[in-house]
Amino acid sequence: MFPFDQFTSQSLNVLSSFFIFMVGVAFLIVVLLFISDISQTKDAIRRNYPVIGRFRYIFSSLGAFFRQYFFAMDREEMPFNRAERSWVSNSSQGFDNTVAFGSTKNITPVGTALFINCPFPTLDAQATSAPAVMIGPYSREPYEAQSIINISGMSYGSISRPAVRALSKGAKLAGCWMNTGEGGLSEYHLEGGCDLVFQIGTAKYSVRAKDGKLDDSKLKKIADLAQVKMFEIKLSQGAKPGKGGILPGIKVTPEVAEIRGIEVGQSSISPNRHPEISNIKELLNFIKHVREVTGKPTGFKVVIGSDGWLKELCEEIQQDDIECAPDFITVDSCDGGTGAAPMPLMDDVGLPIKESLPMVVDILSQYGLRKRIKIIASGKLITPSGVAWALCSGADFITSARGFMFSLGCIQSLKCNKNTCPTGITTHNKSLQKGLNAEEKSIRVKNFVNKIHYGIGLISHSCGVKHPRELTRRHCRIVQANGKSKPLDFLYPEKVVLEKYR
């Protein structure tokens, strides 16, 4: 007969001994932590409250996660709330993104855009696709771009290899362009076969000479690639105006270092501006030089802080020749995103897109340059309403980085600069990257683009126009401080071309 009682007694003795051992280990750890905390001099909380003080930092670091999943309402989070992220996620996965009962969006805050529906909306049978827009009519190889929404600059290094692959393949499927970001051109950008906009950052990665200036032979080599359709000179970026790109050393892998021409493991800090560009004349000369070498449309990306220099730019173009004008201007918002930026610049420098975009459109119109220079809007425009507002304000195209990151599965963990991104998008950790399947995610990129176009089509048809490019300022109203809204064309009336520039 099996000695059940004896077996039970022995098991209880083992468990009891194990429990006593674990209590002893735990007590020893607490004692060591107590001694460590009370003897150190760097942290006042831990010194005054040994062991217990450590919980403050644990709870503080976990607070963001608890707020995101348990406490924050759908419209409360920053920089993107749960409702916005869910819309992108559902759209990119092909799920139903309709809502029931009523909107959770508060439409009373000052600055809220409201679109003016027509009593006789456009019939589906009358609706048409938005026509392509030509960029760079004076370049040897103008670019006709069809997609209204496109992928903004995200460098390889800042985002991972599978993320670049997924975006490249997805852009090809969706028929939109992909901006390389300032980190240079990699084989993964080319892999998907999509149209590319090569960004020339202040460090000039992939096109840099030994002295740090532009290497025309390297520039020409990139321009010879059929996939590269345009060149964007980066003057400033929304999240850090006046500061160059920052790639933490932990993300500078041997491959990233080779592409950028820097040391492995050392932080990549780009200059805060192009040394060749210190005034308007030099900017126009630099644009002209890049366009002559490449033969392709060339423009620049900038965060607007004031309008005086922009007026000076227009006057210089008029005095010289309209052909010398930039082919496009990418207007970035002060609340744009990045992998890493100093908080003073991230929070407090530059103008938001809702103020700067109409300003740029009006100035170009005033000087008779609006048709010559195309405008690309960038900055937290990840839903159809945001894109439609930008079109109403005068943009020709919209670009997004974080919207496409959400389509890849980004959960806004705010770890982009730590190389610990849990979704594999902004990390070079192989074990974290394995969850990002480029083939599957490329479909999500395509779906996101299609849903944006579908959504702005719904808005434009409701406003009574045949396609989104027909949206104007009269189709949108902006909520004011008194709770009432005013037409966008009243707040920003059409500028009359100055007589001397007619």
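Pairs linking a residue in region 439-465 that is over 14 Å from ILE151 (Cβ atoms) to a residue that is among the small types (Gly, Ala, Ser) and at pLDDT 95 or above, with Cβ atoms under 6 Å and 6 or more positions apart or on different chains, are ILE456/ALA388; ILE459/ALA388. In this entry, GLY136 is excluded by the filter for residues that are out of contact with any Leu (no Cβ under 8 Å at 6 or more places or on another chain) and without any contact (Cβ under 8 Å) to a residue 12 or more places away in the chain. Scanning for something within 16 Å of ARG444 (Cα to Cα), assigned to a helix (DSSP H, G or I) and in contact with a Lys or Arg (Cβ under 9 Å, 6 or more places away or on another chain), does region 148-164 turn up at least one residue? Checked against the condition, which is being within 16 Å of ARG444 (Cα to Cα), assigned to a helix (DSSP H, G or I) and in contact with a Lys or Arg (Cβ under 9 Å, 6 or more places away or on another chain), region 148-164 yields at least one hit. Selection of region 452-464 for residues being crowded, with 21+ Cβ neighbours inside 10 Å and over 24 Å from the mean Cα position of the chain (by Cα) yields SER460, CYS463. Every listed requirement among (1) outside any loop (DSSP other than H, G, I, E, B); (2) under 23 Å from the mean Cα position of the chain (by Cα) is met by GLN237 save one, (1). Selection over region 289-312 of residues that are surrounded by 24 or more Cβ atoms within 10 Å (Cβ to Cβ) and either among the hydroxyl-bearing types (Ser, Thr, Tyr) or assigned to a loop (DSSP other than H, G, I, E, B) (or both) gives a count of 3. Against the list (1) in contact (Cβ under 8 Å) with a residue 40 or more places away in the chain; (2) touching a Lys or Arg at 6+ places or on another chain (Cβ under 9 Å), the condition PRO352 fails is (1).
Of the residues THR423, THR383, only one is out of contact with any Ser or Thr (no Cβ under 6 Å at 6 or more places or on another chain), without any contact (Cβ under 8 Å) to a residue 40 or more places away in the chain and among the β-branched types (Val, Ile, Thr); which?
When all the criteria are applied, what remains is THR423.
Just one of the listed residues (ALA341, ALA377) is closer than 30 Å to VAL445 by Cβ and assigned to a loop (DSSP other than H, G, I, E, B), and it is ALA341. Could you say which residue among ILE200, ILE159 is among the β-branched types (Val, Ile, Thr), in contact with a helix residue (DSSP H, G or I) (Cβ under 9 Å, 6 or more places away or on another chain), within 21 Å of VAL302 (Cα to Cα) and touching a residue at least 40 places away in the same chain (Cβ under 8 Å)? Criteria check complete, one pass: ILE200. Of all residues in region 385-430, those that are in a helix (DSSP H, G or I) and within 30 Å of PRO358 (Cα to Cα) total 15. Restricting attention to region 94-118, the residues that are more than 24 Å from the chain's Cα centre (by Cα) and free of Cβ contacts under 8 Å to residues at least 60 places away in the same chain total 9.
Of all residues in region 365-398, those that are among the hydroxyl-bearing types (Ser, Thr, Tyr) and within 17 Å of ALA145 (Cβ to Cβ) total 1. On the stretch given as region 463-491, residues that are of a type outside the set (A, V, I, L, M) and assigned to a helix (DSSP H, G or I) total 8.
The residue pairs whose first member lies in region 234-249 and is at positive phi, whose second member is surrounded by fewer than 24 Cβ atoms within 10 Å (Cβ to Cβ) and basic (Lys, Arg), and whose beta carbons are closer than 9 Å, counting only pairs six or more residues apart or on different chains, are GLY242/ARG273. Each residue in region 117-157 was checked for being modelled with pLDDT of 95 or more and at positive phi, and 1 pass. Restricting attention to region 245-285, the residues that are assigned to a loop (DSSP other than H, G, I, E, B), closer than 30 Å to PHE328 by Cβ and not acidic (Asp, Glu) add up to 12.
Take GLY192 and tell me if it is more than 30 Å from SER356 (Cβ to Cβ) and crowded, with 20+ Cβ neighbours inside 10 Å. So GLY192 fits the description; yes.
Quick check: is even one residue across region 79-88 loosely packed, with under 15 Cβ neighbours inside 10 Å and out of contact with any Lys or Arg (no Cβ under 9 Å at 6 or more places or on another chain)? Within region 79-88 (the criterion being loosely packed, with under 15 Cβ neighbours inside 10 Å and out of contact with any Lys or Arg (no Cβ under 9 Å at 6 or more places or on another chain)), the answer is no, since none of the residues qualifies.
The values are calculated or read from the model by the stated rules, or taken from the named source; none is laboratory data. These numbers come from a predicted model, not from an experiment. FYI the Cβ positions are ideal-geometry reconstructions off the backbone, even for glycines, and counts take in every protein chain you see.
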